[in-house]
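The values are calculated or read from the model by the stated rules, or taken from the named source; none is laboratory data. Bear in mind the structure is a predicted one, so any value in this text is a computation, not a measurement. Ideal geometry is used to build each Cβ from the backbone, glycine not excepted, and the neighbour counts take in all protein chains shown.
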Amino acid sequence: MALFGLGKTRESLLGKLSRAVVGRSTIDEDALDALEEALIGADVGVDTAVALVEAVQERVARDKYLGEEELKSMIRETLLESMAGQVSGPAPIVTPGPHVVLIVGVNGVGKTTSIGKLASYHQRAGRKVILGAADTFRAAAVDQLKIWAARVGVPIVEKGMNTDPAAVAYAAVEEGVARQADLVLVDTAGRLHNKVNLMNELSKIKRVMEKIQPGAPHEVLLVLDASTGQNAVQQAIEFSKVTEVTGLILTKMDGTAKGGVALAIASKLHIPVRYVGVGEGADDLVPFDAIAYINALFA
Ligand SMILES: Nc1nc2c(ncn2[C@@H]2O[C@H](COP(=O)(O)OP(=O)(O)OP(=O)(O)O)[C@@H](O)[C@H]2O)c(=O)[nH]1
Ligand SMILES: [Mg+2]
């Protein structure tokens with residue numbers, strides 16, 4: 001597995017970059033257009049693509065000829081510069097615990113799976129983890145989280161389906177305190193019919209958590225499906241209006257050529273990417289690192 005699951009994105013992007021310049025002795029308008037198309041195709045975002053093409057154009061005006069390898073390393077360096085100072089990777093864990101994390105996102109993006117993987121990740125780091133099944137919308141959601149809890153070997157707090165999500169969240173934090181857990185990870189439903197409902201629900205969950213553990217939830221992680229490209233960016237914008245999102249998990253990077261979306265997110269939103277999901281297994285979660293990500297994209 002390539003780092004950050006970027007295999008498909010890299011193959012597609014580098015292939016197009018290469019075709020954009022092959023057999024040319026100068027980088028002309030056509031080449032620049034093809035270059036821009038390649039970047040937009042990888043979902044780096046229009047702003048980023050335009051900025052990169054402008055940087056290439058400037059350089060070509062000075063240096064006349066730019067070979068393929070030079071072009072790649074130039075784009076890579078420009079991206080590295082633009083990402084300088086970007087905060088990324090896991091947030092520091094609040095101690096004394098429990099450090100409470102609320103997981104949010106629309107249907108099917110990978111929330112429950114990401115919680116399973118996060119539980120495994122933190123457990124491997126020697127932390128005591130507890131899960132809360134506050135997606136009470138359907139029985140299968142609770143069952144799915146129970147399966148993950150059993151698989152990873154961590155306790156779970158659940159009250160079945162159709163119970164008040166806030167009551168489950170409350171009980172999960174309470175249990176976390178009682179068991180002296182380091183982390184409480186709480187699943188939520190992504191299917192509340194409208195923004196106001198969702199906003200009220202999340203506010204209520206946050207309010208009850210804070211009653212037990214001051215500062216909780218310490219993180220609200222928004223899960224985004226990278227394969228939806230620019231839709232993911234839009235979801236992040238919409239969710240930020242509903243609740244304060246402190247970080248992102250970008251899932252399904254393994255199966256997509258739109259992995260450039262992390263760059264679009266970085267340039268458009270000021271929300272750190274915490275982790276990247278690169279598969280369905282317990283170990284398929286990688287802490288994000290902007291520099292390593294860009295290097296992997298052009299490696
Ligand atoms: N390839 C791949 N599949 C993933 C990844 N993350 C999640 N999935 C798959 O995506 C599907 C949906 O994941 P869930 O975790 O159920 O998503 P959810 O957001 O909890 O969905 P709802 O609770 O229905 O809203 C499942 O089949 C997961 O196995 C990933 O990083 N890579
Ligand atoms: Mg779920």
Would you check if there is a residue in the range 5-13 being more than 29 Å from Asp283 (Cα to Cα), in a helix (DSSP H, G or I) and more than 20 Å from the chain's Cα centre (by Cα)? no
Pairs under 7 Å by beta carbon, first residue surrounded by fewer than 11 Cβ atoms within 10 Å (Cβ to Cβ) in the range 58-73, partner outside any helix (DSSP H, G or I), six or more apart or different chains? Lys64/Thr26; Tyr65/Ser25; Tyr65/Thr26
Failed condition for Ile205, given (1) within 16 Å of ligand 2 (Cβ to nearest atom); (2) loosely packed, with under 15 Cβ neighbours inside 10 Å, with all others met? (2)
For the range 125-139 the number of residues that are near ligand 2 (Cβ under 10 Å from one of its atoms) and buried (at least 17 other Cβ atoms within 10 Å of the Cβ) is 3
Can His122 be described as surrounded by 24 or more Cβ atoms within 10 Å (Cβ to Cβ) and modelled with pLDDT of 95 or more? no
Scanning the range 20-40 residue by residue, the ones that are of a type outside the set (Asp, Glu) and either more than 15 Å from Gly67 (Cβ to Cβ) or loosely packed, with under 11 Cβ neighbours inside 10 Å (or both) total 9
Val87 is checked against (1) touching a Pro at 6+ places or on another chain (Cβ under 6 Å); (2) among the hydrophobic types (A, V, I, L, M, F, W, C); (3) modelled with pLDDT of 95 or more and fails just one. What number does that condition carry? (3)
Report yes if some residue within the range 100-112 is away from ligand 1 (no atom under 14 Å from the Cβ) and modelled with pLDDT of 95 or more; otherwise report no. yes
Would you pick out the residues in the range 213-228 that are farther than 19 Å from Tyr275 by Cβ and surrounded by 20 or more Cβ atoms within 10 Å (Cβ to Cβ)? Gln213, Ala216
Scanning the range 140-160 for residues that are more than 12 Å from ligand 1 (Cβ to nearest atom) and either closer than 17 Å to Lys111 by Cβ or not charged (D, E, K, R) (or both) gives Lys146, Ala149, Ala150, Arg151, Val152, Gly153, Val154, Pro155, Ile156, Val157, Glu158, Gly160
Restricted to the range 175-202 and to residues being within 16 Å of ligand 2 (Cβ to nearest atom) and among the acidic types (Asp, Glu), the residue farthest from His99 (Cα to Cα) is Glu201
State all residues of the range 220-243 that are modelled with pLDDT of 95 or more and either among the basic types (Lys, Arg) or more than 16 Å from Gly45 (Cα to Cα) (or both); if no residue qualifies, say none. Val220, Leu221, Leu222, Val223
Does Asn162 count as within 16 Å of ligand 2 (Cβ to nearest atom), among the polar types (S, T, N, Q) and either modelled with pLDDT of 95 or more or over 17 Å from Val101 (Cβ atoms) (or both)? yes
Does the range 140-161 contain any residue that is under 23 Å from Val242 (Cβ atoms) and exposed (fewer than 15 other Cβ atoms within 10 Å of the Cβ)? no
Under 8 Å between Cβ atoms, which residue pairs at least 6 apart in sequence (or on different chains) link something in the range 21-33 that is more than 13 Å from Gln57 (Cβ to Cβ) with a partner that is aromatic (Phe, Trp, Tyr)? Ser25/Tyr65
Out of all the residues in the range 98-112, is one or more within 23 Å of Gly153 (Cα to Cα), away from ligand 2 (no atom under 16 Å from the Cβ) and surrounded by fewer than 17 Cβ atoms within 10 Å (Cβ to Cβ)? no
Are any of the residues in the range 54-72 assigned to a loop (DSSP other than H, G, I, E, B), at pLDDT 90 or above and either within 16 Å of ligand 2 (Cβ to nearest atom) or hydroxyl-bearing (Ser, Thr, Tyr) (or both)? no
